[in-house]
Amino acid sequence: MPAEWEQHFSTWLAWPHNLDTWKSDDLREVEKVYMEIIHNLITGERINILIENKSFQKRIISLLISRGLNTKQIYFHEILTNDAWIRDFGPNFIVRKSSSGRQIAINLWQFNSWGEKYPWQKDNEVSNKIISESKITYFNPKIVLEGGSIDVNGEGTCLTTSTCLLNLNRNGNLTVEKMEEYLKSYMGVKKIIWLKGTLKGDDTDGHVDNLARFVNHTTIVYVSEKDESNENYLSLKGIEESLKKARDPNGKPFKLIPLPMPRKIKDNNFYLPASYANFYIGNNVVLLPAFNDPNDKIAQNILQSCFPRKKIVPIDSRILIKGLGGIHCITQQQPMYTE
């Protein structure tokens, strides 16, 4: 599995429509966030969008044209979904080098809505349908794994959390050893760094893309909470300690950079899992979740130092997080390949 900053062929999105995730007024605002994401990504890569039907396509094209966007770089796919979180139920692309060039394949992981928390049957068929449509080679591990639960550096190391990947609600009593076999066999990694913890309000049981991310082969950014009275303090402190002990396949430590946390965000008194770690790395830009918070700028400056050749674009994610997800959760990269 290549690192996210490696060259993309395209980014995949699933158009939001679930009124249980966002109410109708909120959904219109979420669509504006999607437009902002497309606007910033389209100069560097293709965009694939999953839609319910042709009427969705017509309305989206109208929205795109009103924004002055070039629709020739956008490809629509009539593939039904339960929700918008394509990072978790969409295809996990892997690559290999061959005599004919760089080739790609898809890992067909299963999806059960983070432990059967919400309806998921349509989402679980998405990767199958993309494989059928694209004719891309695929592998079928036959276990549950969500894209937001893993992060790789493209050189043999994978970040994940035991709170999610080893949760009984995914694959029953799957052991650490057996899960590592799956990750090594299907993703080509050599070393797995296990973290333990989750953000308050996170219904994924602790996806790593809310907690710690690779920004280059040797550097990890991670969210840190300084306020000892904050509900996330102990969990995030434990993650920090685990990262300090982590080593790459050659036994070398990683450079660690803390990201701040935004102030508490609640919806109807429910704590929302807002995190600056939920950024998405495009070909030309890095899309950073922003929360109208003083720490937005601090997080932006930190990521700019990590990606000096890319533009860091803050995307107001206060409406997205009401659905319990962020920018990384609604995007999925397809790496460049040679047929």
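Things to note:
- Residues that are in a loop (DSSP other than H, G, I, E, B) and in contact with a Ser or Thr (Cβ under 8 Å, 6 or more places away or on another chain) within the range 88-110 comprise GLY90, PRO91, SER100, LEU108, TRP109, listed in sequence order.
- Residues of the range 32-62 that are under 17 Å from ALA290 (Cα atoms), aliphatic (A, V, I, L, M) and surrounded by fewer than 18 Cβ atoms within 10 Å (Cβ to Cβ): MET35 alone.
- When ILE74, ILE143, ILE150 are screened for being within 25 Å of GLU177 (Cβ to Cβ) and crowded, with 17+ Cβ neighbours inside 10 Å, only ILE150 passes.
- Residue in the range 238-252 that is within 24 Å of VAL144 (Cα to Cα), modelled with pLDDT of 95 or more and polar (S, T, N, Q) present: no
- Selected residue (only one of LYS191, LYS135, LYS196 is more than 26 Å from LEU234 (Cα to Cα), without any contact (Cβ under 8 Å) to a residue 60 or more places away in the chain and either surrounded by fewer than 17 Cβ atoms within 10 Å (Cβ to Cβ) or in contact with an Asp or Glu (Cβ under 8 Å, 6 or more places away or on another chain) (or both)): LYS135
- The residues of the range 284-339 that are touching a helix residue (DSSP H, G or I) at 6+ places or on another chain (Cβ under 8 Å), in a strand (DSSP E or B) and not charged (D, E, K, R), listed by number, are VAL285, VAL286, LEU287, LEU288, PRO289, ALA290, ILE312, VAL313, PRO314, ILE315, GLN332.
- Any hit, the range 231-254, residues being assigned to a loop (DSSP other than H, G, I, E, B), touching a residue at least 12 places away in the same chain (Cβ under 8 Å), in contact with a helix residue (DSSP H, G or I) (Cβ under 6 Å, 6 or more places away or on another chain) and crowded, with 18+ Cβ neighbours inside 10 Å: no
- Test for LYS178: is it surrounded by fewer than 19 Cβ atoms within 10 Å (Cβ to Cβ) and assigned to a loop (DSSP other than H, G, I, E, B): no
- If you go through the range 12-31 and keep only what is surrounded by 14 or more Cβ atoms within 10 Å (Cβ to Cβ) and either polar (S, T, N, Q) or free of Cβ contacts under 8 Å to residues at least 40 places away in the same chain (or both), you end up with ASN18, THR21, LEU27, GLU31.
- Number of positions in the range 265-281 that are at pLDDT 95 or above, outside any strand (DSSP E or B) and not aliphatic (A, V, I, L, M): 5
- Qualifying residues in the range 45-67 (those that are among the charged types (D, E, K, R) and assigned to a loop (DSSP other than H, G, I, E, B)) - the one nearest to SER10 (Cα to Cα): GLU45
- Of all residues in the range 100-118, those that are without any contact (Cβ under 8 Å) to a residue 40 or more places away in the chain, within 21 Å of GLU155 (Cα to Cα) and surrounded by fewer than 20 Cβ atoms within 10 Å (Cβ to Cβ) total 1.
- For first residues located in the range 139-163 and of a type in the set (A, V, I, L, M), partners that are assigned to a strand (DSSP E or B) and lie 6+ apart or on another chain with Cβ distances below 6 Å form the pairs VAL144/GLN110; ILE150/CYS158; ILE150/THR160; VAL152/CYS158; LEU159/ASP151; LEU159/ILE193; LEU159/ALA212.
- Residues (out of contact with any Asp or Glu (no Cβ under 8 Å at 6 or more places or on another chain) and without any contact (Cβ under 8 Å) to a residue 60 or more places away in the chain) located in the range 257-272: ILE257, LEU259, PRO260, LYS264, ILE265, LYS266, ASP267, ASN268, ASN269
- One residue from ASN169, ASN173 being among the polar types (S, T, N, Q), over 19 Å from LYS252 (Cβ atoms) and not in a helix (DSSP H, G or I): ASN173
- Counting only residues that are buried (at least 17 other Cβ atoms within 10 Å of the Cβ) and over 19 Å from ARG247 (Cβ atoms), the range 153-173 holds 7 of them.
- Tally of residues being more than 29 Å from GLY197 (Cα to Cα) and in a loop (DSSP other than H, G, I, E, B) across the range 123-152: 2
The values are calculated or read from the model by the stated rules, or taken from the named source; none is laboratory data. On a predicted model such as this, the values are computed, not experimentally measured, just so you know. Neighbour counts are summed over all protein chains in view; Cβ atoms, including those assigned to glycine, are modelled from backbone coordinates with ideal geometry.
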